[in-house]
Every structure is written in C-alpha cells, then in structure tokens.
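One structure below.
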Amino acid sequence: MHLAQVLALRGERGQARELLLGQTAGEAAGALVGRAEVLGWMEEYEAACVLLDRVLGDQPAEHGSTEGGTNPSQRAAALGCRAWIRLWTGDWHGARSDATEAVDRAEQRQETAPLAQGRVALGRLEAAQGRVAECGAILARAAGVARAHGLELVMGQIAVAEGLLALGAGKYEEAVAGYERRS
C-alpha cells in the first residue's frame, strides 16, 4: 500500500494502479479503504468504488463484535471515502447519504476524525448549493470537534469549504483571505 502511495505521488499511475487493484483474499477492510483513498487521489473513482463496495457490501458486525462483518469504524471510513468521491464526481445525493451515515456512525462510536471529516463533506455540499446558514452550522460543529482534538487537516478542509461558500456568494476577497490564512 505504501509503495502504491509513493508511486501515485510520483506520477507513476500505471504501476500504482496495478498495485492498488491487486486482489488479496481476505484483505482487511481498513486496507481496502486505504487503497480506495489513493485511487481517489489518482481520479480512479470507479476502481475506488469497487473496493469500497467490497467493504460496504459486507453486513455490519454485531454490536461489540469483531467477527462476522465489517467493523463499524471501518464502515464509517468507507462511507466517508465514498462520500468524498461522490461529491467530486457530482453524485451529490449519494454523497449526502454516505456522509450523513458516516457522521451518524462516528457520533455513535465517538470517533472524532471521521465525525469531523463527515461534517466537512456535508458542509461542502451545503456551500456548493449556497446554503449559508446550513453550511455555517455544520462547519462550526466540525470545527469544534477538530479544535478539541487537534485535527489541523480538518481545519484546512473547513477553510476550503468556507472559501467555496464565499466564492459562490461573490465574496472573492474573503475567499482568498481564508485560503491564504490556511497556507
């Protein structure tokens, strides 16, 4: 997996894709989600979704169990990854559905990073649709989680969503100032 990440970042897409799509029987759900994320970076969205569907196609494990299904944390991670892919590919209804379920699962299990990132995905959807109040409320909740747990990457994602909202409202200087603050 790490070699595939390096190859992808170096622009060696063919080799990275080959490594990422190589199938290992019984591969852990977490590894599949990680591979799907890298495929998403490479804009190999369909291939990424095939891997995510392997995780999401399994039934959730019984509450408290680690056998007989997908771990709820891994399921939330897969949903979050697929939400971002769907957001980028224009399937906003699917993105909203996946992000909402990921947030619900992360809230139930008190998992801070997936919770904050799921909220950012929802906030970005609201920003893209010009829903100022909804976007602000969702991003404020995401920022609260991110600040409380030192999730700086999430704070950068929030700034991007806020910039998108500002751009959509024609507030170009505000958007640029927000982006510059995060760099």
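The values are calculated or read from the model by the stated rules, or taken from the named source; none is laboratory data. Since we're looking at a predicted model, the values are computed, not measured. Positions of Cβ are backbone-derived with ideal geometry, glycine not excepted, and every protein chain shown enters the neighbour counts. Quick note on the areas: whole protein, heavy atoms, side chains included, nothing else; ligands and nucleic acids left out. Shrake-Rupley method; radii C 1.70, N 1.55, O 1.52, S 1.80 Å.
Scanning the range 158-178 for residues that are crowded, with 20+ Cβ neighbours inside 10 Å and at pLDDT below 90 yields A175, G178. Pairs are defined by a Cβ separation below 8 Å, a sequence spacing of at least 6 or placement on different chains, a first member in the range 88-105 that is modelled with pLDDT of 95 or more and among the charged types (D, E, K, R), and a second member that is part of a helix (DSSP H, G or I) and surrounded by fewer than 16 Cβ atoms within 10 Å (Cβ to Cβ); no pair meets this definition. Among the residues of the range 28-53, the ones that are at pLDDT below 90, surrounded by fewer than 17 Cβ atoms within 10 Å (Cβ to Cβ) and part of a helix (DSSP H, G or I) come to 3 in all.
From the list R124, R96, R105, the one residue that fits, being open to solvent by 20 Å² or more (accessible area, probe 1.4 Å), among the basic types (K, R), farther than 20 Å from V55 by Cβ and assigned to a helix (DSSP H, G or I), is R124. Looking at the range 138-152, which of the residues that are small (G, A, S) and loosely packed, with under 15 Cβ neighbours inside 10 Å is modelled with the lowest pLDDT? Ranking the qualifying residues of the range 138-152, first place goes to G150. Among the conditions (1) at pLDDT below 90; (2) out of contact with any strand residue (DSSP E or B) (no Cβ under 8 Å at 6 or more places or on another chain); (3) small (G, A, S), A61 misses just one, which is (2).
For the criterion of being out of contact with any helix residue (DSSP H, G or I) (no Cβ under 6 Å at 6 or more places or on another chain) and touching a residue at least 40 places away in the same chain (Cβ under 8 Å), A113 passes. When the range 108-121 is filtered for residues that are part of a helix (DSSP H, G or I) and polar (S, T, N, Q), the ones remaining, listed by number, are Q108, T112, Q117.
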